[in-house]
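Notes follow once the structure below has been shown.
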Amino acid sequence: MPMTAFLLQLSTWLPGPLRARATEARIRLLIQFGMFGLVGLVGFVIDTATVYALRHAAGLYVAGLAAYFTAATGTWVFNRLWTFRGQTSSDSWLVQWARFLTANLGGFVINRGLYSLLVTFVDAAAREPVIAVFVGAVAGMTLNFNLSRKMVFR
């Protein structure tokens, strides 16, 4: 992977203790986390667009729930095709999608828990739900990355 080689080369400029920790495996993990984060940004756009599209018709809570499933499906597709390409099991897409949603339930609880708290108690978040969507997404990302790596895309 060209990015890995580039970052390994850059790591030679790090001070000794940091350079020793910049192994190829850690750099690959960092790159994968960055890719997961970029896919998360796509999910954030899907999530926000869904909330804004549904909030007046369904209310903020139903819109938030529907947006989670829409964004989770979108991020699963992009992670499968890009972030974790070549790491997919022989399971069907449907089984893997269900495993992705199940594995990320912890992130869902954190994500939508913060979303619900913010739209309930913070006037700015109720007026502009993008604030609550963003805070929830960032809070659940690290947990979801680790669970996705270990339980879904293995």
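The values are calculated or read from the model by the stated rules, or taken from the named source; none is laboratory data. The model shown is predicted, which means the values in this text are computed figures rather than measured ones. Methodologically, a virtual Cβ is constructed for each residue, glycine included, from the backbone with ideal geometry; neighbour enumeration extends over all protein chains shown.
Structure data summary
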{"quantity": "Failed item in (1) without any contact (Cβ under 8 Å) to a residue 60 or more places away in the chain; (2) of a type outside the set (F, W, Y); (3) crowded, with 19+ Cβ neighbours inside 10 Å; (4) within 19 Å of G34 (Cα to Cα), with A137 passing the rest", "calculated": "(1)"}
{"quantity": "Residues of the stretch 19-36 classified as exposed (fewer than 11 other Cβ atoms within 10 Å of the Cβ) and more than 27 Å from the chain's Cα centre (by Cα), total", "calculated": "1"}
{"quantity": "Complete set of residues in the stretch 70-94 that are surrounded by 13 or more Cβ atoms within 10 Å (Cβ to Cβ) and either touching a strand residue (DSSP E or B) at 6+ places or on another chain (Cβ under 8 Å) or among the hydrophobic types (A, V, I, L, M, F, W, C) (or both)", "calculated": "A71, A72, W76, V77, F78, W82, F84"}
{"quantity": "Residue within the stretch 39-54 that is within 15 Å of F108 (Cβ to Cβ), aromatic (F, W, Y), surrounded by fewer than 18 Cβ atoms within 10 Å (Cβ to Cβ) and modelled with pLDDT under 95 present", "calculated": "no"}
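For every residue, the table says whether it meets (1) out of contact with any Cys (no Cβ under 8 Å at 6 or more places or on another chain); (2) in contact (Cβ under 8 Å) with a residue 60 or more places away in the chain; (3) among the hydroxyl-bearing types (S, T, Y); (4) at negative phi.
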{"site": "V51", "(1), (2), (3), (4)": "yes, yes, no, yes"}
{"site": "A57", "(1), (2), (3), (4)": "yes, no, no, yes"}
{"site": "V62", "(1), (2), (3), (4)": "yes, no, no, yes"}
{"site": "A67", "(1), (2), (3), (4)": "yes, yes, no, yes"}
{"site": "T73", "(1), (2), (3), (4)": "yes, no, yes, yes"}
{"site": "F84", "(1), (2), (3), (4)": "yes, yes, no, yes"}
{"site": "D91", "(1), (2), (3), (4)": "yes, no, no, yes"}
{"site": "W97", "(1), (2), (3), (4)": "yes, no, no, yes"}
